Amino acid sequence: MDFTFTEDQLLFQESVRDFLRNEVTPERIRASWESDSGREDALWAQLAELGLTGMTVPESSGGLGMSALDFVLLAQECGYVALPEPLVHTALVAVPALCDIGGELAEQWLPRVAAGEAKVVVGLEQNMLVEDAHVADLLLLQRGAALLAATPDQVSLRHNESVDPSRKLYAVDIDAAAAPVVEGEQAQRIVARALDHGALGSAAQALGLAQRMVDMSVQYTAERQQFGVPIGSFQAVKHHMANIAVRLEYARAPVHRAAYAIAHERANAALAVSHAKLAACEAANLAAKNCIQVHGAMGYTWEVDLHIFMKKAWALANTWGDAGYHKARVGERIFADGAVLGAGATF
Amino acid sequence: MKVSFSEEDEHFRTEIAGWLQDNLRGEFEKLRYRGGPGDEHMYPQERQAWEQRLAEGGWTCVGWPQEYGGRACSIEQQVIFFEEYARAGAPGRVGHIGEGLAGPTIIAFGSDEQKAKYLPGIVAGTQLWCQGYSEPGAGSDLANVKTRARFDEARGKWIISGQKVWTSLAHESDYCFLIARTDPDSVAHKGLGFFLVAMDQPGVEVRPIVQITGTSEFNEVFFDEAECDAADIVGAPGDGWKVAMGLLGFERGVSTLGQQMQFQNELDQVVALARENGAAADPVIRQRIAKAHAELKIMRYNAMRMLSGQSGGDGSLQKEALIYKLYWASWHRSLGELAMDVMGPECEILPAAPYELSRLQAMYLFVRADTIYGGTNQIQRNIIAERGLGMPKEPRGNA
């Protein structure tokens, strides 16, 4: 039994953390809200150069051949800065889906994704809308029991505004020209895995978002003075922060455990993912609520950066399966005939 | 104990309901369900025109004494008025700060001259008010006011300088009532004055604050040598805190009933959505809706109990009133969460660009402010513990 990460995994996290915190500032995110696409080619090129777009691409296709477990800490860092670029989607959803599909399509696109030359997005019916379809070079789209691959010229997009101005969502109509690449049971399996990967990515980002809101609020409550002392010295304020800390720390283990289950293709991976997403998104929502509260009225302004993180947490909680969906999945598992839940069934 | 309305009261209900039906149409039709909290930036001019229409019908300041232009309605009739107003979907009142706060304060503490000068404009809906309490350094620590008022003998006026913040409707208002330090050497709640200041003058600048909803209802207000007539201080210099605290009692008065009817409208909307999108079949959602319904009823019964205590004079108003802000703000914040859970994954999607929120999405964001303004939940709990239960005061530094 070992819940710790390796030295290499932690070192990689540290270097990615440094890069993201220096580059992806709240000012830069606000600037991206004003741009047409909300995305920056230069930043994507830098992420590719760091090997991040190819993290989970097999070495044979020019990637680093890493797993979801290797990427989960990086997804947390993406959450911490509320990265608008679709990095988590690429590494945790699109690349694994391409690998699952395999064949010519994978051979053709994986090296380009690793090199940062192409973006691939996955659109599942569970999500209704497709993230970042406007910058995608290839769209993998679920239509009923089939998975289709479409290039931008084969689809028409309708933009939908998100509560998180960084998220770019599209309704995608496919022209008849796009043919199914996978059908039937295989397609269902790929769709199910993509949903789990997406949920894991959201959960990991939620951990980072919660941590960011906590860090901002600890700093603010140490600086803001009322009654002649920092407001953070009041128990009523401390307890708000402590309540988040408890929820957040206890959400980390389920997320890491789910990443392990996905990376090792464990039979109960879906259950672990549902648990992780529920725990992490609950922690992030509590963090948003309490951190706005301890910021007082400032927390309710557009000017203070808190809402950048609060709104991403709000959006992620409801995508790749909302709380009701994931609770139902856990419930079904518990009540399944012959469910083994006790000793020997921890993992 | 008599928890019902009299025949006379029911007649009154028919009268106000009929009036609203006859008047909330035509140019005012579009104001239905608009301009409430989270939506106060909408239709300010039209809502002021509506305010004046209400005045023509005698439906402003219904609880005020007749000598000041009010209708002298009983508590029961005020309850009915607010119920019917909300039921009709009549818009958020732009005159509510004047009617609910400034006016009652002037009636209770003001001079005859102040009453004659200010009350008619409030009753007529022609003059709007805003409240200048909070400052950048005076939020929870409200007494830490830094805005100064010095009396200029030569001009015979008070000269006011400083900054107020979170001021609702400042950009629409004709007057601001504010607290400022009349004794520059004083600290905390001593040495403050309560002033009635005209907004349309060179020394007053209003800057809107953009909220997380992307819209602006609150403002910063900068006073730079703004003038205030010698006759426009309420009470004596140094009485400001006493007057301001007296006013807080009005804030928890009968206007809460209108707020509860608005809550009922929001809850109705959540229930309708749950029926429509199937969320009502989810037993967890059903229980949460039932809980919200029960808690809203608790608020209503207690408001009426509190108000009948006031009219019966059994002296129980104050401690009950301490609880109310914490209860409704927390309830409303939970309603926002419930609304988003009922919406499900669609709660992420906005109806239109740029950043136009649906009513429920705006509510979900706006309720985050409810547990902060007018005394945070934390301050409310301190007040309940210290003033209500008589527990020892929390150490609060040296300020």
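Nothing in this text is a laboratory measurement; each read-out follows from the coordinates by a stated rule. Small disclaimer: the values here were computed from a predicted structure and weren't measured. Virtual Cβ from ideal backbone geometry, glycine too; neighbours counted across all protein chains shown.
Values as computed for the structure displayed
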read-out	value
Label point distance in nm, B:E225-B:R25, each placed 7 Å from Cα along Cα→Cβ	5.6 nm
Acute angle (nearest 10 degrees) that the helix A:306-317 long axis makes with the longest principal axis of chain A, alpha-carbon atoms	40 degrees
Footprinting exposure proxy for B:K117, B:K190, A:K277, A:K168 (fewest neighbouring C-beta atoms within 10 Å first)	B:K190, B:K117, A:K168, A:K277
Span per principal axis, largest first, for the Cα atoms of chain A (Å)	68, 54, 37
Rough spin-label spacing in nm, given labels placed 7 Å along Cα→Cβ, for A:R143 and A:W33	3.6 nm
Net charge of neighbours whose Cβ lies under 10 Å from the Cβ of B:G203, counting Lys and Arg as +1 and Asp and Glu as -1	-4
Flagged links, alpha-carbon separation over 24 Å, of A:K311/B:K30; B:K30/B:K117; B:K164/B:K242; B:K115/B:K242; A:K289/B:K393; A:K168/B:K30	A:K311/B:K30; B:K30/B:K117; A:K289/B:K393; A:K168/B:K30
B:H96, A:H307 arranged by Cβ crowding within 10 Å, fewest neighbours leading	B:H96, A:H307
Reference-scaled alpha-carbon Rg (2.2 N^0.38 Å with N residues) for chain B	1.00
Reference-scaled alpha-carbon Rg (2.2 N^0.38 Å with N residues) for segment A:1-133	1.06
Dipole in debye (nearest 20) - segment B:252-388, about Cα centre, beta carbon charges: Lys, Arg +1; Asp, Glu -1	560 debye
Peptide B:342-354 - average C-beta neighbours from other chains (10 Å radius)	6
Extent along principal axes [Cα atoms of segment B:129-238; Å; largest to smallest]	44, 29, 20
Computed [θ] at 222 nm, helices only, for chain B once each DSSP H run of length n ≥ 4 contributes -39500 (n - 2.57)	-14500 deg cm²/dmol
Net +/- balance of residues flanking A:V172 in space, Cβ distance below 12 Å, scoring K and R +1, D and E -1	-3
Taking segment B:100-160 and dividing mean pair separation by its residue count, relative contact order in percent (alpha carbons under 8 Å, at least six apart)	16 percent
Peptide A:126-137 - average C-beta neighbours from other chains (10 Å radius)	1
Likely footprinting exposure, B:R396, A:R21, fewest C-beta neighbours within 10 Å first	A:R21, B:R396
Charge dipole (the protein assembly as shown, unit charges on Cβ, about Cα centre) - positive-most of A:I292, B:S74, B:Q45	B:S74
Percentage relative contact order, chain B, counting C-alpha pairs under 8 Å, at least six apart	13 percent
Angle in degrees between helix B:255-277 and the longest Cα principal axis of chain B, rounded to the nearest 10	30 degrees
R0 of 51 Å, Cβ-Cβ distance B:V210-A:A177: FRET efficiency to nearest 0.05	0.70
Area projected by the alpha carbon convex hull of the protein assembly as shown, averaged over all directions, nm²	37.0 nm²
16 Å Cα-Cα reach of B:K190 towards aspartates and glutamates, excluding residues that sit fewer than 8 places from it in its own chain	B:D141, B:D239
Segment B:7-94: translational diffusion in µm²/s, Stokes-Einstein, Kirkwood Rh over Cα pairs, 10 °C, 1.306 mPa s	119 µm²/s
Segment A:203-257 - Rg and Dmax from Cα coordinates, angstrom	13.2, 45
Rh by Kirkwood over Cα pairs, then Stokes-Einstein D for segment B:252-388 at 1.306 mPa s and 10 °C, µm²/s	98 µm²/s
Principal axis dimensions, segment A:221-318 - Cα atoms, whole angstrom, descending	57, 27, 15
Relative contact order, percent, segment B:85-193 [alpha-carbon distance under 8 Å, six or more residues apart]	25 percent
Within a Gaussian network of chain B (alpha carbon springs, distance under 10 Å), most fluctuating of B:R368, B:R34, B:R286	B:R286
For residues of A:290-301, the mean tally of beta carbons on other chains within 10 Å	6
